[in-house]
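Contents: one structure, followed by commentary.
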Ligand code: HGY
Ligand code: MN
Ligand code: MN
C-alpha cells in the first residue's frame, strides 16, 4: 500500500477505467484517432474537464485543452498532458494515464485549496499514435509549429486528407499558426513505462532522461497479380517475395547495428499490406512501413542506406518494381529537462517513493513539446513490461504514486520556475 498520497487514488483510477471502456467492443482496447469512438472519448474528457472547473477549448491543431487560472499568467503556463487515442487492440493506460493524471491533479489542488502562481493546462494531444494518415503526434506537432502542408496532405486508405480530418474533429488547419505555443513555461507528462525496468527492480517511478528518435519509412513493391496455379514460378513477379525478404533484412540489419554499438537501436515492420491478398493469387502489390528508433541518428542514417540497397536488390531479384521508398516522418532523439527531472526526484523522495532514471524507447508528445519548453516525463510500472496490447496493466496504487510525484513536483516548480519570456498575460 502506498503512503497516504495527496490525491484521490480511487477517483483517478475510476476515470482511467471509464475512459478506457470507451472502446471498440470487438477489439478492446481500441479508440483510433479521428474515429467516432475517439470523439466519444474526447466528449467524455471535455465533460470531466468542465466538471473540474477547467475552461475548455479545442485549438486549431485539434488538441483538447482544459485551463485552470493562476495568480500570475505572465509567468507562463505549466502544462500537463498526453493522449487519449490508442493503437488498434491497445491497452487501457497508454496515453489515458497521463491525461487523467492531469485532471486528478487539478481536482487535488482544488480539494486542498491550492492556488498556483502559474496557469495550469491539461492537454489531450490529438493523434499521438501513428494515425491511419501515416503520421503520429499530430497535435503536439501543431503545438510546436511542426505540422506542415505536406503532412496535412497525407491521406488515409479511404482518401480523406489529414487536414480535412483535423477540421472534421474540430481543429482548423487554416489557423495552425494560432496553435503554436510560446507561452508554456514547462510541460509534464506521466506515462506508463511500456517496459520491464520498474517492475523488475520494484521501483515506484521512472524519471525519463531521453526519448528515442523515430523515423518511419514506407516501401511499396509492384509486381504482377497472377494465377497461383497456372503461373510457372520463373515467370512470376511476386511483390510479397521482395517484401518478405526486405522484412528479414530489416531485422538482420537492426540486430547487427544494435550489437555493433552501445547505442539503443531497434527497427520493426508493423504494417504489411498484401494486394489482392487472396490465397490463389500471386501478390501484385505490397506496402510496408518500417519503424526505426535510436538514441543515435547516425545509426538511422546507416540503417536506411543499407535497407535502401537491400530492398532494391530484393525487388530486382523478384523481378518487381520498388515504386516507393519514402520517409513518412522523422523525429530526432530528445533529452528531458534536468530542472524538471530534479523536481520529480525531489518529489519522489518527499513521498518516500523509489525512483530511477530511465530512457524511453517509446515516442511521446513530450518529445515535440521539448522543442518549445522544458519538458520531462514520469513513468509508472507496466505489468510484465507489456503495452500496445489488451494485457497492458498498471496497478491503481502505482498510478496514484506516479501522479502524486507529478503533483508534488508541480507545486515546487510553480514556485521555482523562471518566468517564461514572452508569455502573454491572458
Ligand atoms: O509508438 C510509440 O512509441 C508510442 O507508443 N506512440
Ligand atoms: Mn503508444
Ligand atoms: Mn503513448
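None of the figures in this text is laboratory data; all of them are computed from the coordinates on show. All of these numbers come straight from a predicted model, not from anything done at the bench. Here the Cβ is made from the backbone with ideal geometry for all residues, glycine too, and neighbour counts use every protein chain on show.
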Between the stretch 82-139 and the stretch 10-78, the alpha-carbon center distance in angstrom: 7
Per residue of the chain, what 222 nm ellipticity follows from adding -39500 (n - 2.57) for every DSSP H run with n ≥ 4, rounded to the nearest 500? -11000 deg cm²/dmol
Nearest 5 percent is fine: what portion of the DSSP beta bridges confined to the chain is antiparallel? 70
Here FRET efficiency (C-beta to C-beta, residue 260 to residue 50, R₀ 41 Å, nearest 0.05) is 0.15
Segments 351-358, 164-171 sorted - mean Cβ within 10 Å per residue, highest first: 164-171, 351-358
Could you sort the peptides 406-418, 40-52 by per-residue average Cβ neighbour count (10 Å cutoff), highest mean leading? 406-418, 40-52
Rh_Kirkwood(the stretch 213-331) over Cα pairs, Å, one decimal, evaluates to 14.7
Place a label point 7 angstrom from the Cα of residue 357 along the Cα-to-Cβ direction, then list the residues of the stretch 195-229 whose backbone nitrogen is under 12 Å away. 207-210
Tell me whether the stretch 165-270 comes out rounded, prolate or oblate; compute the Cα gyration tensor, take square roots of the eigenvalues as a ≥ b ≥ c, and use a/c under 1.5 as the rounded threshold. oblate
Please list the radius of gyration and Dmax for the stretch 1-85, considering alpha-carbon atoms only, with Å as the unit. 15.2, 48
Based on alpha-carbon atoms only, what is the radius of gyration of the chain relative to the globular estimate 2.2 N^0.38 Å? 1.03
Quick one: 84, 244, 202, 350, fewest Cβ neighbours within 10 Å first, how do they rank? 202, 350, 244, 84
At R0 = 51 Å, FRET efficiency that the Cβ-Cβ distance of residue 389 and residue 172 yields, to 0.05: 0.90
For the stretch 359-426 and the stretch 213-241, write down the distance between their C-alpha centroids in whole Å. 43
Quick check on packing: order 322-334, 375-387 by the mean number of other C-beta atoms within 10 Å, highest mean leading. 375-387, 322-334
Label point distance in nm, residue 312-residue 324, each placed 7 Å from Cα along Cα→Cβ: 2.0
Springs between alpha-carbon atoms under 10 Å, Gaussian network over the chain: tell me which of 135, 233, 154 tops the mean-square fluctuations. 233
